[in-house]
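K.L.:
I have a structure I would like to understand better, so I am pasting it below and will then ask my questions one at a time.
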Amino acid sequence: MAQTQTSPNFGALLDKPASDVERPKPLPQGSYHCIVKGLPRFDKSSKKFTEFVEFTLQPTSAGEDVDEEDLEAMGGIANKTIRATYYITEDALWRLKDFLGHCGIEEDGSLRNMIDQTPNCEVIAFIKHRASEDGQSVFAELAKTAPVE
């Protein structure tokens with residue numbers, strides 16, 4: 001029985017000519033209609049070891065405020081994801097609570113119970129660009145979220 005390949009062939013990627021390898025272009029700035037993919041990842045930051053929860057947002061469409069030419073130039077939204085990271089500290093919990101509300105989850109018990117309801121929720125993600133620390137490249141990062149109206 002023939003097997004279907006479901007994961008990338010990393011060996012083939014490494015055989016690619018180095019001259020053909022380029023830094024991916026960031027998502028253009030603007031709003032994106034997204035779906036929360038699966039349950040979030042819980043981890044700690046590498047610098048201060050602050051606990052965080054990270055959601056994976058899958059864009060399904062770009063808003064009218066996104067430059068269509070820039071979006072086409074970077075390859076569109078297919079197979080792109082946006083990370084929504086929220087630190088778990090007393091002063092930052094309100095951001096997580098806002099995000100969960102933007103996902104359409106009603107306050108029902110603990111934040112942990114609300115987090116468990118996030119898979120497949122819809123949310124609007126606003127992307128902004130940030131220069132790298134060395135000023136050599138630009139990154140797309142989540143600026144804020146909003147409910148889908």
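K.L.:
What about Arg112, is it exposed (fewer than 15 other Cβ atoms within 10 Å of the Cβ), touching a residue at least 40 places away in the same chain (Cβ under 8 Å) and either closer than 20 Å to Gln29 by Cα or among the charged types (D, E, K, R) (or both)? Break it down stepwise before answering.
P.N.:
Numbers: exposed (fewer than 15 other Cβ atoms within 10 Å of the Cβ): yes; touching a residue at least 40 places away in the same chain (Cβ under 8 Å): no; either closer than 20 Å to Gln29 by Cα or among the charged types (D, E, K, R) (or both): yes.
Answer is no for this residue.
K.L.:
Let me ask something else. Of the residues Ala84, Ala62, which single one is under 17 Å from Pro119 (Cα atoms), small (Gly, Ala, Ser) and touching a helix residue (DSSP H, G or I) at 6+ places or on another chain (Cβ under 9 Å)? Outline the logic, then answer.
P.N.:
Working: Ala62 fails: under 17 Å from Pro119 (Cα atoms).
The unique qualifying residue is Ala84.
K.L.:
If you check Ala125, Ala84, which single one turns out to be closer than 14 Å to Lys37 by Cβ, touching a Lys or Arg at 6+ places or on another chain (Cβ under 9 Å) and outside any helix (DSSP H, G or I)?
P.N.:
Ala125
K.L.:
Cβ-Cβ distance below 8 Å, separation of 6 or more or different chains: which pairs start in segment 51-72 with a residue that is part of a loop (DSSP other than H, G, I, E, B) and end on one that is at pLDDT 95 or above and of a type in the set (Val, Ile, Thr)?
P.N.:
As it stands, the answer is Gly63/Ile124, since those pairs meet every condition given.
K.L.:
Among the residues of segment 115-145, how many are in contact with a strand residue (DSSP E or B) (Cβ under 7 Å, 6 or more places away or on another chain) and touching a residue at least 60 places away in the same chain (Cβ under 8 Å)? First the steps, then the outcome.
P.N.:
Going through segment 115-145, the residues in contact with a strand residue (DSSP E or B) (Cβ under 7 Å, 6 or more places away or on another chain) turn out to be 115, 118-132, 138-145.
Now drop any that are not touching a residue at least 60 places away in the same chain (Cβ under 8 Å), which leaves 115, 118-129, 138-140, 142, 145.
Residues in segment 115-145 being in contact with a strand residue (DSSP E or B) (Cβ under 7 Å, 6 or more places away or on another chain) and touching a residue at least 60 places away in the same chain (Cβ under 8 Å): 18 in total.
K.L.:
Right, another one. Would you pick out the residues in segment 40-50 that are over 24 Å from Asn120 (Cα atoms) and outside any loop (DSSP other than H, G, I, E, B)? Give the steps one after another, and end with the answer.
P.N.:
Step one: of segment 40-50, the residues over 24 Å from Asn120 (Cα atoms) are 44-50.
Result: Lys44, single match.
The values are calculated or read from the model by the stated rules, or taken from the named source; none is laboratory data. Nothing here was measured: the structure is a model prediction, and the numbers come from that model. All Cβ positions, glycine included, derive from the backbone under ideal geometry; neighbour counts span all protein chains shown.
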